[in-house]
Amino acid sequence: MIIVLKPGISKKQEAAVIKEIRSLGYRPHIMRGVARTVIGAIGDELTHQSLETLITAFPRIVECVMPVQRRYKLVSREAHPSNSTIRVREHVIGGKKIHLMAGPCSVESEKQLMKSAEAVKAAGATILRGGAFKPRTSPYEFQGLGEKGLKLLARARRETGLAVITELLSETHADLVAEYTDIIQIGARNSQNFQLLIAAAKTGKPILLKRGLSMKIEEWLLAGEYVLANENPNLLFCERGIRTFETYTRNTLDLSAIPVIKKESHCPIVIDPSQGAGRADLVEALCKGAVAMGADALLIEVHPNPAEAWSDGVQQVSLDLFTRLAQELRAFILAAGRE
Ligand code: PEP
Ligand code: MN
């Protein structure tokens, strides 16, 4: 259920309603919008007392009590009609600005990461990506530098001022990864690893949740619900292509997920055209499409020498190509009414 408060309610009045929600057996989840506050009440309505009594108990504070029809509650637009914005250091994702998150698939060396970081920053990126713990299909392929990679990311952040996103693979590394990153990425192979999602949510860091390889949108939204239900409102959905019968591209990038997520959820949506296409030559066109369709950020793999990359070489764009791509995108971003 969601409880909509009247505009201009004081903190004290809000606290009184929250206390009552708790005493009725529900867990309150507070969402403060620009105009008014909405409280999601989590709990089993069959076993707990009705929340309808709040209207009569607090007639000057509570506007209405509404059921959320969807299976996903806190991520749904029903619960939170306006767009959520996620603060990452000095940046805001989900607002007017479309953010470029760019960098290598894997952190390989100081030189490779620093070269990438400086180039993507100069081209206008605000967030540096780079995998330190890598989910590889084969156990014989490069598994990432681990903590050493995290340290290199922290160094690149210090020297360039870029924010950092990196993947969390295991619950046991949640605190370690959170110590070094600004955004935690949950990869496609782990997007329904609910214990991992809970551990990631509990770090309090913004979470970028990739769509699983064969995940329906409803399942993806429900996976996102695990983050919000664990007291972390900072969730970004990321479409990175799904498995279809098509083999020309590595995956089929489902750009239609953008308006669907926008319709169903208030959380920002990020597009990863690199894993989506699996080939560098399609990245620019997919970025343009994503911008036109309302993406809030793009997650792009960039490498100083893609042919020599230790992972995902064929889909990474060179530093020069990224610089040109970022330049080319500008007109599309403005045409979409964004910055
Ligand atoms: C990646 O971003 O390098 C990655 C492994 O992504 P995904 O989980 O989407 O495959
Ligand atoms: Mn990759």
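Taking the criterion of being among the β-branched types (Val, Ile, Thr) and either more than 22 Å from GLN69 (Cα to Cα) or surrounded by fewer than 15 Cβ atoms within 10 Å (Cβ to Cβ) (or both), the residues of the stretch 1-17 that qualify are ILE9, VAL17. Listed by first and then second residue, the pairs linking a residue in the stretch 1-26 that is more than 21 Å from ASP44 (Cβ to Cβ) and in contact (Cβ under 8 Å) with a residue 12 or more places away in the chain to a residue that is acidic (Asp, Glu) and assigned to a helix (DSSP H, G or I), with Cβ atoms under 7 Å apart and 6 or more places separating them unless they lie on different chains, are LEU5/GLU14.
Taken together, the residues in the stretch 184-217 that are more than 16 Å from ligand 2 (Cβ to nearest atom) and touching a residue at least 60 places away in the same chain (Cβ under 8 Å) amount to 1. Against the conditions (1) on the phi < 0 side of the Ramachandran plot; (2) touching a Phe, Trp or Tyr at 6+ places or on another chain (Cβ under 6 Å); (3) surrounded by 21 or more Cβ atoms within 10 Å (Cβ to Cβ), ALA154 satisfies every one except (3). Taken together, GLY224, GLY212 contain a single residue that is surrounded by 19 or more Cβ atoms within 10 Å (Cβ to Cβ), in a loop (DSSP other than H, G, I, E, B) and either charged (D, E, K, R) or touching a Phe, Trp or Tyr at 6+ places or on another chain (Cβ under 9 Å) (or both), which is GLY212.
Pairs are defined by a Cβ separation below 6 Å, a sequence spacing of at least 6 or placement on different chains, a first member in the stretch 310-339 that is farther than 30 Å from PRO135 by Cβ, and a second member that is more than 16 Å from ligand 2 (Cβ to nearest atom) and outside any helix (DSSP H, G or I); the pairs so defined are ILE333/ILE98; ARG338/LYS96; ARG338/ILE98; GLU339/LYS96; GLU339/LYS97. Of the strands (runs of 3 or more DSSP E) that lie entirely inside the stretch 60-179, those containing 1 or more residues that are under 23 Å from ALA336 (Cβ atoms) and within 16 Å of ligand 1 (Cβ to nearest atom) span 99-103, 127-129, 163-167. For LYS288, the conditions (1) of a type outside the set (Val, Ile, Thr); (2) away from ligand 1 (no atom under 16 Å from the Cβ); (3) touching a Cys at 6+ places or on another chain (Cβ under 8 Å) are fulfilled apart from (3).
If only residues of the stretch 292-309 that are part of a helix (DSSP H, G or I) and in contact (Cβ under 8 Å) with a residue 24 or more places away in the chain are counted, the one that is surrounded by the most Cβ atoms within 10 Å (Cβ to Cβ) is PRO306.
Put simply, of THR244, THR249 the only residue that is over 22 Å from ALA132 (Cβ atoms), within 16 Å of ligand 2 (Cβ to nearest atom) and part of a loop (DSSP other than H, G, I, E, B) is THR249.
Bear in mind these aren't lab numbers, they're just calculated from the coordinates by the rules spelled out. Predicted model, so just to flag it, every value in this text is computed and none were measured. As a convention, Cβ positions derive from the backbone with ideal geometry for all residues, glycine included, and neighbour counts pool all protein chains shown.
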